[in-house]
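Accompanying notes for the structure given below.
The values are calculated or read from the model by the stated rules, or taken from the named source; none is laboratory data. Note that the coordinates shown come from a computational prediction; the quantities given were computed from them, not determined experimentally. Counting neighbours? That spans all protein chains shown, and the Cβs are built from the backbone with ideal geometry, glycine included.
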Amino acid sequence: MNKLVSLLLAGLFVCGSGVARDVTSFNTGWQFKKGPFSADAMKAASQWEGKWETVEIPHTWNARDMQIRYNNFYEGVGYYKKNFFCPGDLKDKRVFLRFEGVGACSEVYVNGRLAGTHKGGYSAFVVEIGPSLKPGSDNEIVVKADNQSRPDVIPVNHVL
């Protein structure tokens, strides 16, 4: 089975009193950077500041190298980030990001604060981000995706 790493984001959900749910697409305006990244924090920081690729979600970073090097493609970390203005009327509302899939392990950060994690490449999940948002201000979402083969995360894509 081929291993694809993709970030699929269906939308931003807002729940509050009087309104069951408001769904907004959140798929445009993302930046992407693929590793490998140095384990040394100082070296990794310099890599982080380099050039980012503009992408739209859904996005698959292994689409090309998997076609060229069967079973010898990049496995590791890639980052997605997006800056957006959060309207002031979202103050005190429950706000969620719904992902249709991030392969295979992910961490979601809002303004530098870990909002949630997920393991499992092909399953949808939701992360509540409201407590980390700054309504009426610019906010940054960062999603760390790691497609490294792991025996404890389905799908297991390599024979171990």
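Out of 34, 43, report the one residue that is among the basic types (Lys, Arg) and either in contact with a His (Cβ under 7 Å, 6 or more places away or on another chain) or at pLDDT 70 or above (or both).
Working: 43 fails: either in contact with a His (Cβ under 7 Å, 6 or more places away or on another chain) or at pLDDT 70 or above (or both).
Selected residue: 34, the only one of 34, 43 that is among the basic types (Lys, Arg) and either in contact with a His (Cβ under 7 Å, 6 or more places away or on another chain) or at pLDDT 70 or above (or both).
Report yes if some residue within region 61-76 is in a strand (DSSP E or B) and either modelled with pLDDT of 90 or more or out of contact with any Phe, Trp or Tyr (no Cβ under 6 Å at 6 or more places or on another chain) (or both); otherwise report no. If you could, list the steps in order and put the result at the bottom.
So the first thing to find is which residues in region 61-76 are in a strand (DSSP E or B), and the list is none.
No: region 61-76 contains no residue that is in a strand (DSSP E or B) and either modelled with pLDDT of 90 or more or out of contact with any Phe, Trp or Tyr (no Cβ under 6 Å at 6 or more places or on another chain) (or both).
If residue 1 passes every condition in (1) at pLDDT 90 or above; (2) more than 20 Å from residue 144 (Cα to Cα); (3) among the hydrophobic types (A, V, I, L, M, F, W, C) but one, which one does it miss?
(1)
Scan region 129-147 and tell me whether some residue there is in contact with a His (Cβ under 8 Å, 6 or more places away or on another chain) and among the β-branched types (Val, Ile, Thr).
Looking for residues that are in contact with a His (Cβ under 8 Å, 6 or more places away or on another chain) and among the β-branched types (Val, Ile, Thr), one finds none in region 129-147, hence no.
Pick out the one residue from 90, 114, 97 that is without any contact (Cβ under 8 Å) to a residue 12 or more places away in the chain and either of a type outside the set (Val, Ile, Thr) or buried (at least 19 other Cβ atoms within 10 Å of the Cβ) (or both).
Exactly one of 90, 114, 97 is without any contact (Cβ under 8 Å) to a residue 12 or more places away in the chain and either of a type outside the set (Val, Ile, Thr) or buried (at least 19 other Cβ atoms within 10 Å of the Cβ) (or both), namely 114.
Which residue pairs have Cβ atoms closer than 9 Å, lie 6 or more positions apart in sequence or on different chains, and pair a first residue in region 137-153 that is part of a loop (DSSP other than H, G, I, E, B) and surrounded by 19 or more Cβ atoms within 10 Å (Cβ to Cβ) with a second residue that is modelled with pLDDT under 85 and not aromatic (Phe, Trp, Tyr)?
If the second residue must be modelled with pLDDT under 85 and not aromatic (Phe, Trp, Tyr), the pairs left are 147/3; 147/4; 147/5; 147/62; 147/103; 147/121; 147/157.
Within region 91-114, how many residues are in a strand (DSSP E or B) and within 17 Å of residue 57 (Cβ to Cβ)?
12
Would you please name the residue that is modelled with the highest pLDDT, looking only at residues in region 14-31 that are assigned to a strand (DSSP E or B) and either among the aliphatic types (A, V, I, L, M) or under 13 Å from residue 82 (Cα atoms) (or both)?
Checking each candidate, the answer is 30.
With the structure loaded, tell me whether residue 121 is under 19 Å from residue 57 (Cα atoms) and buried (at least 16 other Cβ atoms within 10 Å of the Cβ) or whether it fails that test.
On the way: under 19 Å from residue 57 (Cα atoms): yes; buried (at least 16 other Cβ atoms within 10 Å of the Cβ): yes.
Against the criterion (under 19 Å from residue 57 (Cα atoms) and buried (at least 16 other Cβ atoms within 10 Å of the Cβ)), residue 121 qualifies.
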